[in-house]
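Only one structure is covered here, and it is reproduced in the block below.
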Amino acid sequence: MTTAYRGRFAPSPTGPLHFGSLVAAVASYLDAKHNDGIWLLRMEDLDVPRTMPGAADDILETLAAFGIMSDEPVIYQSQRTSDYEIALQRLQDMNAAYPCCCTRREVLDSALHGIEGPVYLGTCRNGILHDREGRAWRVRTHDEPIDFDDMLQGHVSQRLESVVGDFVIKRADNLFAYQLAVVIDDAEQGITRVVRGADLLQSTPRQLHLQRLLGLPSPVYMHLPIAVNAQGEKLSKQTLARPAEKSPLTMFKVLLFLRQQPPDHLRSAGMENMLAWAIENWRPERLSGCMQFQS
Ligand code: GLU
C-alpha cells in the first residue's frame, strides 16, 4: 500500500503574502491536489520578534481569496513549544546535542565560510569553555555525505560537518530554531511531500540529519525556483516585495511563473475555473533544474 499524499505550505507570518510566497503556496497546493492529496497550512510564527501582528490572518484571507484552504485545522508553531522541548530532550539524552557559549561575533570570527555563513568549528563540542555559560543548543553533525534526490533539482549531497558544522537547534534567546521545528512539525502532520522554494534546498540535509537522529520518516522533497527581482534578490519583506493582489490575474501570473502554460482564455475564466484547470494540468517537471526566475 502506498502512503496517502500529505503536503503543506508553511509561511512565516512576517508580513503579507507576496508573489514569491504565493508561488510556493500555489505549487504545493496544485501538487497535492493533482495527486489527490491532503494539503495543510502551518504558520511558522516561532520567531516572535520577526512576526508581524495580523500577518497570519492576512495570509489565510489572501489564500482563501484564491480558493486555497487547509484541509485540516491550521497549526501554529508558537503553540507547539512543548513538542520541540521533548525533541531537544531526546537529542540531549542521546548526547547528540550540547550547549554552546559562543557569541555570534565569536562564531563569525572563525575563518571558515560555509554554504550559509561561517562553519561552526565545534568550540563547545567537548564542553563549554571554563567560566562561560551555555547560551544556545547545537546538534552534533558528522562528515558522512547526506544524500537525497530532489524531484526538481536532482541529486544533492552534503557533508554537514564541513559545510555547516554543528548547527543551532535552540537559540540563545531561548527560541527553537527553524531546522528543529520544521522537522518535528512535518512529522507531526504526517507530511509525505515538501514543496517549497529552492532557497531551502541546502537546508534539507540538516533536516534529514535531525529526522534520522530522531527516528522520523523523511518526506520527498521538491524545491521550486524562487521569484527574484531585477537585481536578482529574492522577493521578501526585506526587498520590499508588495503584497500579492487578490485577483484572478495574479493567479494567472503565478501559473505563468510556474511554466504551466495556461491558455489565454483562462485569464477571464474566473478563479475557480483557473484553479481547477491548474490542478488537472499540473506539470512540475517543466521546472526541472530551475533555481530562480525573475518575476
Ligand atoms: N517558513 C519558511 C519560509 O517562509 C518555509 C519553511 C519550509 O517550507 O520548510 O521561508
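The values are calculated or read from the model by the stated rules, or taken from the named source; none is laboratory data. The model shown is predicted, which means the values in this text are computed figures rather than measured ones. Because the Cβ atoms are built from the backbone with ideal geometry, glycine has one as well, and the counts that use them run over all protein chains shown. Protein only, heavy atoms only, side chains kept; ligands, DNA and RNA dropped before computing areas. Shrake-Rupley method; radii C 1.70, N 1.55, O 1.52, S 1.80 Å.
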Next on the checklist: I'd like the full set of residues that are open to solvent by 30 Å² or more (accessible area, probe 1.4 Å) and more than 26 Å from residue 55 (Cβ to Cβ), limited to the stretch 244-268.
Outcome noted: 256, 259, 261, 263, 264, 265, 267, 268
Next on the checklist: I'd like to know if the stretch 55-69 contains one or more residues that are more than 16 Å from the ligand (Cβ to nearest atom), touching a helix residue (DSSP H, G or I) at 6+ places or on another chain (Cβ under 7 Å), open to solvent by less than 40 Å² (accessible area, probe 1.4 Å) and farther than 23 Å from residue 137 by Cβ.
Outcome noted: yes
Checklist entry - If you go through the stretch 119-132 one residue at a time, do you hit one that is under 26 Å from residue 80 (Cα atoms) and either open to solvent by 30 Å² or more (accessible area, probe 1.4 Å) or in a loop (DSSP other than H, G, I, E, B) (or both)? => result no
Checklist outcome for this item: If you go through 231, 238, 202, the only one that is outside any strand (DSSP E or B), open to solvent by 20 Å² or more (accessible area, probe 1.4 Å) and modelled with pLDDT of 95 or more is 202
Next on the checklist: If residue 132 meets every condition in (1) modelled with pLDDT under 95; (2) within 16 Å of the ligand (Cβ to nearest atom) apart from one, which number is that one?
Outcome noted: (2)
Next on the checklist: Which count do you get for residues in the stretch 203-243 that are away from the ligand (no atom under 14 Å from the Cβ) and of a type in the set (A, V, I, L, M)?
Outcome noted: 6
Next on the checklist: Criterion first (touching a helix residue (DSSP H, G or I) at 6+ places or on another chain (Cβ under 7 Å) and open to solvent by less than 50 Å² (accessible area, probe 1.4 Å)) does residue 41 satisfy it?
Outcome noted: no
Checklist entry - Is there any pair with a first residue in the stretch 198-223 that is under 17 Å from residue 8 (Cβ atoms) and a second that is of a type in the set (S, T, N, Q) and within 11 Å of the ligand (Cβ to nearest atom) whose Cβ atoms are under 6 Å apart and which are 6 or more apart or on different chains, and what are they? => result 221/204
Checklist outcome for this item: So, first residue under 13 Å from residue 60 (Cα atoms) and open to solvent by 30 Å² or more (accessible area, probe 1.4 Å) in the stretch 9-20, second residue in a loop (DSSP other than H, G, I, E, B) and of a type in the set (Val, Ile, Thr), Cβ within less than 8 Å, six or more apart or across chains; the pairs are 12/51
Next on the checklist: Looking only at the stretch 29-86, count every residue that is within 17 Å of the chain's Cα centre (by Cα), acidic (Asp, Glu) and modelled with pLDDT of 95 or more and tell me the total.
Outcome noted: 3
Item to check | Boolean, residue 48 is under 30 Å from residue 134 (Cβ atoms), surrounded by fewer than 21 Cβ atoms within 10 Å (Cβ to Cβ) and within 16 Å of the ligand (Cβ to nearest atom) | outcome: yes
